[in-house]
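Encoded as structure tokens, the structure appears first; notes follow it.
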Amino acid sequence: MKKLSLLLAALCMAAISYAQTPTPTPDTAKRWKIHGENTFLISQSSYKNWSAGGVNAFAGNLIFNYDFNYKKDVWSWDNKVILGYGLSKQQDAGWRKNDDRIILNSLLGRQASKYWLYTFYMNFQSQFTKGYDYNTTPKTLISNFLAPAYLTFGPGFAYKRSDNFRINISPAAARIIIVQNDSLSHVGAFGVTPDHKSLFQFGASLDAYYKVNLVQNISLENILKLYSDYLHKPGDIYTDYTANLFMKVNKFVTVNAGAQLIYDGKTRIPNGDGTSKIALQVKQIFGAGLTYKF
């Protein structure tokens, strides 16, 4: 009887303890959607006794593309990180970089209706290493880490159909051009006042993202950025458009092609003879490689 009483007492204590245990809170990790791609691209061409001629070349590129998206009730916070770096080697030309980018996007939104949000937007762009003009002897430094760097931020509104289709418009966006390299800031590179390390702009920005599956295992990614400076030549619109084509061979092997077009009225392109010009900037990358998605 004594043992039965002790057992009943233990069960009662366990029940009381269980009843007093607070209800578990929802796992905040479930509110995050995190996914990304790590890609290593390779392209190579080799010639020997080739009557049509050609230049031996090799290129390797690393691209990291991550998304960190948070959603709770009427609030959302979308973040994208793109890091890319690549080197190419041509016969008798040595190693030169063919890709160098740091891109950070952040969009904080509060739901206004089914597809519309009130937002606060931030974008940061720069590069990892030095860039040179190889048309001069000796080569001339034309860019570096944080030279330039672009920081754009401001309130606005967005149309978001899905994670693959969104447009954000900020009619009151600040933009800071940063040139931390002394030699580049001294000559007023990228539009800054000579011997100044930064330039403040105030205007309107548009940031759009659209990714579509063309056919099975082939998708096209489009990224568009526009900025108009109210304080200086608002009609001279900074334009940055990137198109990336992803072709999946199997779970790990992909073929990627990309093109980026930039028009920036504040950036002058060297001609190689001591003069410079404002022109459309074009970059193209193509290669096959390994991709790991998570």
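We did not get these values from a lab; they are worked out from the coordinates using the rules stated. This structure is a prediction, so every number in the text was calculated from the model and none was measured. Note that each Cβ is placed from the backbone with ideal geometry, even for glycine, and that neighbours are counted across all protein chains shown.
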Report summary line: To the nearest 10 degrees, the tilt of helix 2-20 (Cα long axis) against the first principal axis of the alpha carbons of the chain is 40
Report summary line: Amide H proximity to Leu146 below 5 Å, modelled H, separation 5+ or other chain, gives Gln127
Query raised in the report: Looking at Leu224, Tyr292, Thr275, which one has the Cα that reaches farthest to the positive end of the dipole of the stretch 216-294 (charges on Cβ: Lys, Arg +1; Asp, Glu -1)?
Result: Tyr292
Query raised in the report: Using the Cα gyration tensor of the chain, with a ≥ b ≥ c the square roots of its eigenvalues, what is the shape: rounded (a/c below 1.5), prolate (a/b larger than b/c) or oblate (neither)?
Result: prolate
Report task. Read phi for every residue in the stretch 256-269 and hand back ³J(HN,Hα) as whole Hz from Karplus 6.51 cos²θ - 1.76 cosθ + 1.60, θ = phi - 60°, with x for Gly and Pro. Result -> 10, 9, x, 9, 10, 10, 10, 10, 9, x, 9, 10, 9, 9
Query raised in the report: So which chymotrypsin sites (Phe, Trp or Tyr not before Pro) in the stretch 190-249 end up in coil per DSSP with only 14 or fewer other C-beta atoms within 10 Å?
Result: Tyr230
Query raised in the report: Can you list the HN-Hα couplings for the stretch 135-144, worked out from phi with the Karplus curve (6.51, -1.76, 1.60; θ = phi - 60°), rounded to whole Hz and with x for Gly and Pro?
Result: 7, 10, 10, x, 4, 10, 5, 10, 6, 6
Report task. Between Ser51, Ser276, Ser106, find the one with the highest GNM mean-square fluctuation for the chain; connect C-alpha pairs within less than 10 Å. Result -> Ser51
**Report entry** Dipole axis of the stretch 160-216 (+1 Lys, Arg; -1 Asp, Glu on Cβ), positive-most option in Ile169, Phe200, Leu214
**Finding:** Leu214
Query raised in the report: GNM, the chain, Cα, under 10 Å: largest mean-square fluctuation among Gly109, Gly191, Gly274?
Result: Gly274
Report summary line: In debye to the nearest 20, the charge dipole size for the stretch 34-293, taken about the Cα centre with +1 at each Lys and Arg Cβ and -1 at each Asp and Glu Cβ, equals 540
Query raised in the report: Using θ = phi - 60° and the Karplus form 6.51 cos²θ - 1.76 cosθ + 1.60, what ³J(HN,Hα) does each residue of the stretch 58-74 get, whole Hz, x for Gly and Pro?
Result: 9, 9, x, 9, 10, 9, 10, 10, 10, 10, 10, 10, 10, 9, 8, 6, 8
Report summary line: What helix-only [θ] at 222 nm does the chain give? Using -39500 (n - 2.57) per DSSP H run of at least 4, over all residues, to the nearest 500, the answer is -2500 deg cm²/dmol
**Report entry** Taking Phe294, Phe128 and counting other C-beta atoms within 10 Å, the order from fewest to most
**Finding:** Phe294, Phe128
Query raised in the report: Given a Förster distance of 45 angstrom, what is the FRET efficiency for Leu214 paired with Trp95, based on the Cβ-Cβ distance and rounded to 0.05?
Result: 0.85
